[in-house]
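The values are calculated or read from the model by the stated rules, or taken from the named source; none is laboratory data. Because the structure is a prediction, the values reported are computed rather than measured. Neighbour counts are summed over all protein chains in view; Cβ atoms, including those assigned to glycine, are modelled from backbone coordinates with ideal geometry.
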Amino acid sequence: MEYQKRTAPWFIFILAVIMALTAVGQVTHAGVDLSIIKEINLDIQPLDIATSADGEELFVLAPRRLLVYSLNEGKITNTIVLDRDFDRLSFSAKNNIITLTSSKSKTLKIIRVEQIYPIDIYGHPFKGPANAPVTIAVFDDYQ
C-alpha cells in the first residue's frame, strides 16, 4: 500500500508528460519549388543586378556600363555608358532610383529612371512644323 502511494504521483506525472508531448504537433519543414524561367547569355561580365519595380526590366551593372534588359522583349533595350567603374547596384522601387557605388574610387552615383512611352501620332492633326523638336498632338476624338 505504501508503495502504491509513492508511485501514484510519479505515474500521473509521467502520464501527463506523455499526453502533453503527443498533443503537440510535429514540426514539419516546408519545401520550396524552384523552376528556371529564363537563362540569359550576356556578352559582358555582370557585376551586380537589380529588378525594376514592375518586374519587367533588369538593370545589369557591367564594367563601365549599365545595361537595361527587357524581360518582355527578351533583349537589351538600353545601354548607359558610365564615366568610371562601379561595383555595386541597388534599385529603389519607391523613387525609381538606381544607386551605383564604387568601393575603389569611393564614389556614389544616383540615377533616376523614367519610362518614356512612344505615342503614335500618325494621322492626327498637330500644330506647328512637322519637324519641330516638340510636337503637340490634338486628341479631340476621345470622350
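Out of all the residues in segment 70-89, is one or more within 13 Å of the chain's Cα centre (by Cα) and touching a residue at least 12 places away in the same chain (Cβ under 8 Å)?
Yes, because at least one residue in segment 70-89 is within 13 Å of the chain's Cα centre (by Cα) and touching a residue at least 12 places away in the same chain (Cβ under 8 Å).
Only residues that are part of a loop (DSSP other than H, G, I, E, B) and exposed (fewer than 13 other Cβ atoms within 10 Å of the Cβ): list them for segment 65-92, please.
Within segment 65-92, Asn72, Glu73, Gly74, Asp83, Arg84 meet the criteria.
If the Cβ limit is 7 Å and pairs must be 6+ apart or interchain, which residue in segment 101-128 that is over 18 Å from Glu56 (Cα atoms) pairs with which residue that is among the aromatic types (Phe, Trp, Tyr) and surrounded by 11 or more Cβ atoms within 10 Å (Cβ to Cβ)?
Here the result reads Thr101/Phe86; Ser102/Phe86; Lys109/Phe86, each pair linking segment 101-128 to a residue that is among the aromatic types (Phe, Trp, Tyr) and surrounded by 11 or more Cβ atoms within 10 Å (Cβ to Cβ).
Only one of (1) within 22 Å of the chain's Cα centre (by Cα); (2) at pLDDT below 90; (3) more than 19 Å from Val113 (Cα to Cα) is not met by Asp54, so which one is it?
All conditions pass for Asp54, except number (3).
Residue check, Pro118 against (1) modelled with pLDDT under 90; (2) under 17 Å from the mean Cα position of the chain (by Cα), all met but one. Which one?
Only one criterion in (1) modelled with pLDDT under 90; (2) under 17 Å from the mean Cα position of the chain (by Cα) is unmet by Pro118, namely (2).
List, please: which pairs have Cβ atoms under 6 Å, are six or more places apart or on different chains, and start with a residue in segment 40-56 that is touching a residue at least 24 places away in the same chain (Cβ under 8 Å) and end with one that is of a type in the set (Phe, Trp, Tyr) and part of a strand (DSSP E or B)?
Filtered contacts from segment 40-56: Ala50/Phe59; Ala50/Phe91.
A quick yes/no check of all residues on (1) within 18 Å of Asp43 (Cβ to Cβ); (2) touching a Phe, Trp or Tyr at 6+ places or on another chain (Cβ under 8 Å); (3) aromatic (Phe, Trp, Tyr):
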residue: Leu58; (1), (2), (3): yes, yes, no
residue: Val81; (1), (2), (3): yes, no, no
residue: Ile98; (1), (2), (3): no, yes, no
residue: Thr101; (1), (2), (3): no, yes, no
residue: Thr107; (1), (2), (3): no, yes, no
residue: Arg112; (1), (2), (3): no, no, no
residue: Pro118; (1), (2), (3): no, no, no
residue: Gly123; (1), (2), (3): no, no, no
